[in-house]
């Protein structure tokens, strides 16, 4: 199209959009990117990165306690919430600057404004009213936190967005939800000394994870002093003189200072002009795409959480890169969503890749299970009651490793490396012939010899 202002217009400056913009520009495309809030998206600004910093902060109290078993005399430690928030904000600002610099160096023009789609090739910038013609449009607007269910008093609750900016640390909090965000923030607040209650409508936490992992986390959180209110939900939130009163559907009442809702996120597609442009959406607002991330309009693509495929930052980055390779690099690239390593930064940490035992049995039938639990070596002198779980799911016919699941310190780091082996199609025999590194927790992954099921 000779009348285009740019080759690519990206709506959304998160991980997927930024990667797509940079790679496309590297192929020589003229690229413009619009972001209405801050470059970096959910992960960098109000998600993975600040959350992980808070997780680190929450684990120091246990480290101070454990030090005594190793001969250290540690004075009574105190924690200052405003210092953590201030330092976190400074780091996020630094990272946003790096994201912006990388885009500029790649030749991408950044527009600090909301942008909406008017037709298959036209984007309107709301701040200026300018209309930009583009050969291709990429929507990478991610997801947004929602407050659900919409019970009376829900306006008194916060989401993870506000949790990063609280003026003071609450003494008591109820976290509502049972997924990644709920579990991680419950661990954070508990580690910082907050009386924490986790409210979840399900029987166990982390729906979709392996049952042994779910059981292990439930036991660990109960040992940490987190109150688990399972198989119940919110009925009402009311203001009180000394905080909030939370009524649950099973009749119980909680008296807390804050209620954090972490029951899910929605694709961020409202008022983007997608329907008017002919882009098909799913019932939940997600953009429907094919295996190449193309929408029902051939010139419009979408990547990341806005498509509601696998809602993880590394997946959005891979999808953005694949889009740029396909459209501008003459290298058609499909993203394999089947094997995706992931970590839950609870305490204890969780790392998982591949199939759960239940899914493997349903798909393959003949499955062998290798599982071990043991006390972490660090806990032997600290006296902490901390168990590590490691589990390997194997195809009984081919010996291929179908899934690996870890609960314990460093699980996220371990699963990244294990993910390489599982992605390559490693067999249990490959694990068995790998030399162990001793003494480590990870050596258990290559020393389990006898199946338990």
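The values are calculated or read from the model by the stated rules, or taken from the named source; none is laboratory data. What you see is a predicted model, and the numbers here were worked out from it, not measured in a lab. Here Cβ is always computed from backbone atoms with ideal geometry, including for glycine, and neighbour counts include all displayed protein chains.
I need a count of the residues in segment 234-245 that are closer than 13 Å to residue 149 by Cα and either surrounded by 17 or more Cβ atoms within 10 Å (Cβ to Cβ) or free of Cβ contacts under 8 Å to residues at least 24 places away in the same chain (or both).
The qualifying residues number 3.
Kindly list the number of the only condition in (1) in contact (Cβ under 8 Å) with a residue 12 or more places away in the chain; (2) over 25 Å from residue 182 (Cα atoms); (3) touching a helix residue (DSSP H, G or I) at 6+ places or on another chain (Cβ under 7 Å) that fails for residue 260.
(2)
Just the residues that are within 19 Å of residue 52 (Cα to Cα) and surrounded by 24 or more Cβ atoms within 10 Å (Cβ to Cβ), please, taken from segment 191-211.
Result: 196, single match.
Quick one: residue 214 ticks every box in (1) surrounded by 19 or more Cβ atoms within 10 Å (Cβ to Cβ); (2) on the phi < 0 side of the Ramachandran plot; (3) touching a residue at least 12 places away in the same chain (Cβ under 8 Å) except a single one, so which number is it?
(3)
Would you point out which residue out of 304, 285, 273, 278 is over 18 Å from residue 15 (Cα atoms), outside the structural domain of residue 171 (by TED's automatic domain parsing) and within 27 Å of the chain's Cα centre (by Cα)?
Result: 285 is the single residue among 304, 285, 273, 278 that is over 18 Å from residue 15 (Cα atoms), outside the structural domain of residue 171 (by TED's automatic domain parsing) and within 27 Å of the chain's Cα centre (by Cα).
Can you pull out every residue in segment 402-420 that is buried (at least 22 other Cβ atoms within 10 Å of the Cβ) and more than 19 Å from residue 212 (Cα to Cα)?
Those that are buried (at least 22 other Cβ atoms within 10 Å of the Cβ) and more than 19 Å from residue 212 (Cα to Cα): none in segment 402-420.
Name the residues in segment 288-308 that are touching a helix residue (DSSP H, G or I) at 6+ places or on another chain (Cβ under 6 Å) and surrounded by 24 or more Cβ atoms within 10 Å (Cβ to Cβ), would you?
Of everything in segment 288-308, those that are touching a helix residue (DSSP H, G or I) at 6+ places or on another chain (Cβ under 6 Å) and surrounded by 24 or more Cβ atoms within 10 Å (Cβ to Cβ) turn out to be 293, 301, 303, 304.
When the residues of segment 217-229 are narrowed to those that are touching a helix residue (DSSP H, G or I) at 6+ places or on another chain (Cβ under 8 Å) and farther than 17 Å from residue 411 by Cβ, which ends up surrounded by the fewest Cβ atoms within 10 Å (Cβ to Cβ)?
Per the stated criteria, the residue is 225.
Being in contact with a helix residue (DSSP H, G or I) (Cβ under 7 Å, 6 or more places away or on another chain) and surrounded by 14 or more Cβ atoms within 10 Å (Cβ to Cβ) is the filter here; which residues of segment 66-84 pass it?
Across segment 66-84, the qualifying residues are 66, 69, 84.
Show me the helices (runs of 4 or more DSSP H) found entirely inside segment 1-118 where at least 2 residues are over 24 Å from the mean Cα position of the chain (by Cα) and modelled with pLDDT under 95.
Fully inside segment 1-118 and qualifying: 48-67.
Sort through 135, 131, 172 and tell me the only one that's at pLDDT 95 or above, over 23 Å from residue 205 (Cβ atoms) and surrounded by 17 or more Cβ atoms within 10 Å (Cβ to Cβ).
When all the criteria are applied, what remains is 135.
Look at residue 114 and say whether it is out of contact with any strand residue (DSSP E or B) (no Cβ under 6 Å at 6 or more places or on another chain), exposed (fewer than 14 other Cβ atoms within 10 Å of the Cβ) and under 22 Å from residue 161 (Cβ atoms).
Considered against the rule, which asks whether it is out of contact with any strand residue (DSSP E or B) (no Cβ under 6 Å at 6 or more places or on another chain), exposed (fewer than 14 other Cβ atoms within 10 Å of the Cβ) and under 22 Å from residue 161 (Cβ atoms), residue 114 comes out as no.
What number of residues within segment 101-128 satisfy the criterion of being on the phi > 0 side of the Ramachandran plot and without any contact (Cβ under 8 Å) to a residue 60 or more places away in the chain?
Here the count works out to 0.
Picking from 395, 432, 385, 399, which residue would you name as being free of Cβ contacts under 8 Å to residues at least 40 places away in the same chain, touching a strand residue (DSSP E or B) at 6+ places or on another chain (Cβ under 9 Å) and surrounded by fewer than 17 Cβ atoms within 10 Å (Cβ to Cβ)?
399
Just one of the numbered conditions (1) closer than 23 Å to residue 226 by Cα; (2) surrounded by fewer than 19 Cβ atoms within 10 Å (Cβ to Cβ) is not true of residue 347; which one?
(2)
Just checking, does segment 344-362 include any residue being more than 20 Å from residue 419 (Cα to Cα), part of a loop (DSSP other than H, G, I, E, B) and at pLDDT below 95?
No - not one qualifying residue is present in segment 344-362.
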